[in-house]
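Colleague: Pasting a structure below so you can have a look.
The values are calculated or read from the model by the stated rules, or taken from the named source; none is laboratory data. Everything quoted here is computed from the prediction, not taken from an experiment. Positions of Cβ are generated from backbone atoms using ideal geometry, with glycine treated the same way; all protein chains shown enter the neighbour counts. The protein model used for the area step is the full one, side chains on, heavy atoms only, and it has no ligands, DNA or RNA in it. Shrake-Rupley method; radii C 1.70, N 1.55, O 1.52, S 1.80 Å.
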Amino acid sequence: MRLTKLGHACVRLQKDDRTLVIDPGAFSGAAEALATADAVLITHEHFDHFDADALRKAMAEDPALEVWTSRVVAENLADLGGRVHQVGHGDAVTVAGFDVHVYGREHEILRPDVSPIPNTGFLVDGEVFHPGDALTVPDEPVRTLCLPGNAPWMKIPELYDYSAEVNPERAFVIHDGLLNDIGLKVMNTHVGAAGERIGREFRRLAPGESVELGAA
């Protein structure tokens, strides 16, 4: 499987001749990300993960394109009918030839006076886990973690604790689109240290950079 970071929280997974795109949002060049997708996974409705206009355009251009997502996003796209599939914690589905297990129920707290929104993380082929905006720990091993590196809902100590609890073989940073060059340097230092703490290599992929992952 090939994993490509497309920007901010968006990644593309490719296996054989199939392509799965996760969280093509407004910071990720969503239209370009969706152009080659066979299917789309969306963790939640925030604009940096879900570009409704770009997705609707892509689905109009490709009648075979389908989406698996959280309740709120599915409701937003309800007019597209059976091409949009609502999933939640504990579900297991096959998406464009990929085995997808769904973990997580709620977004991390953003404001103490506002209830959290739904958030669905996706473990693909037992290899890659994309948690969306939540520090969800699946109840099965994770070989490759898409590790949130920076967010309004996250503190650096949580990055260390979360990555240690998941204990992946490797981690690649997502959710870094809010940082300038100085912030990226600080984040990269902590990401590397978090990996060293458990004897693993964690790092950031630049937008457009790809890595080859072992077979599931």
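Colleague: Placing +1 on the Cβ of each Lys and Arg and -1 on the Cβ of each Asp and Glu in the range 1-45, which of H8, P24, I42 has its Cα farthest towards the positive end of the resulting dipole?
Modeller: The residue sitting most towards the positive pole is H8.
Colleague: Moving on. State the percentage of accessible surface on the range 99-154 attributable to carbon and sulfur atoms; use a 1.4 Å probe and exclude ligands, DNA and RNA. Don't skip to the answer; put the middle values down first.
Modeller: Values: 1060 of 2150 Å².
Accessible surface attributable to carbon and sulfur in the range 99-154 totals 49 percent.
Colleague: Ignoring solvent entirely, what values of log10 I(q)/I(0) come out of the Debye formula for the range 90-175 at 0.13, 0.14 Å⁻¹ when each Cα is a single scatterer?
Modeller: -0.40, -0.47
Colleague: If you keep only loop residues by DSSP, which chymotrypsin sites (Phe, Trp or Tyr not before Pro) in the range 1-55 have at most 15 other Cβ atoms within 10 Å of their Cβ?
Modeller: Details: sites: F27, F47, F50; in loops: F27, F47, F50.
Answer by residue number: F47.
Colleague: Take the alpha carbon atoms of the range 28-117, find their radius of gyration, then divide it by 2.2 N^0.38 Å using N residues; give the quotient.
Modeller: After normalising by residue count via 2.2 N^0.38 Å, the value is 1.11.
Colleague: Before I look further, what does the range 105-216 give for accessible area per residue, probe 1.4 Å, in whole square angstrom? Please list the in-between numbers first.
Modeller: Numbers: 5380 Å² over 112 residues.
About 48 Å² of surface per residue is accessible.
Colleague: Turning to a different aspect of this structure: Per residue, how big is the convex hull around the C-alpha atoms of the range 137-211? Give it to me in cubic angstrom, could you?
Modeller: Convex hull volume per residue, Cα atoms: 88 Å³.
Colleague: Go through A78, G199, L135 and say which Cα lies farthest out towards the positive end of the charge dipole of the range 64-215; charges sit on Cβ, +1 for Lys and Arg, -1 for Asp and Glu.
Modeller: Projecting each Cα onto the dipole axis, the largest value belongs to G199.
Colleague: Can you tell me how much longer the chain between E209 and E169 gets when fully stretched, taken as 0.36 nm per residue apart minus their C-alpha distance, in nm with one decimal?
Modeller: Between E209 and E169, full extension yields an extra 12.5 nm.
Colleague: Would you mind calculating the gained length between D139 and V93 on full extension (0.36 nm times residue separation, minus the Cα-Cα distance), in nm to one decimal?
Modeller: Extending this stretch completely gives an extra 14.9 nm.
Colleague: May I ask for log10 I(q)/I(0) of the range 1-68 at q = 0.16, 0.19 Å⁻¹, from a Debye sum over the Cα atoms as equal point scatterers with solvent left out?
Modeller: Once normalised to I(0) and log-transformed, intensities are -0.43, -0.61.
Colleague: Assuming 0.36 nm per residue, please report the length gained on full extension of the stretch R197 to I156 beyond their Cα-Cα distance. Let's see the in-between values first.
Modeller: Numbers: separation 41, 0.36 × 41 = 14.76 nm, distance 1.40 nm.
That works out to 13.4 nm of additional length.
Colleague: To continue, here is another question. Return an integer: the convex hull volume of the alpha-carbon atoms of the chain, in Å³ per residue.
Modeller: Taking the convex hull of the Cα positions in the chain, it is 113 Å³ per residue.
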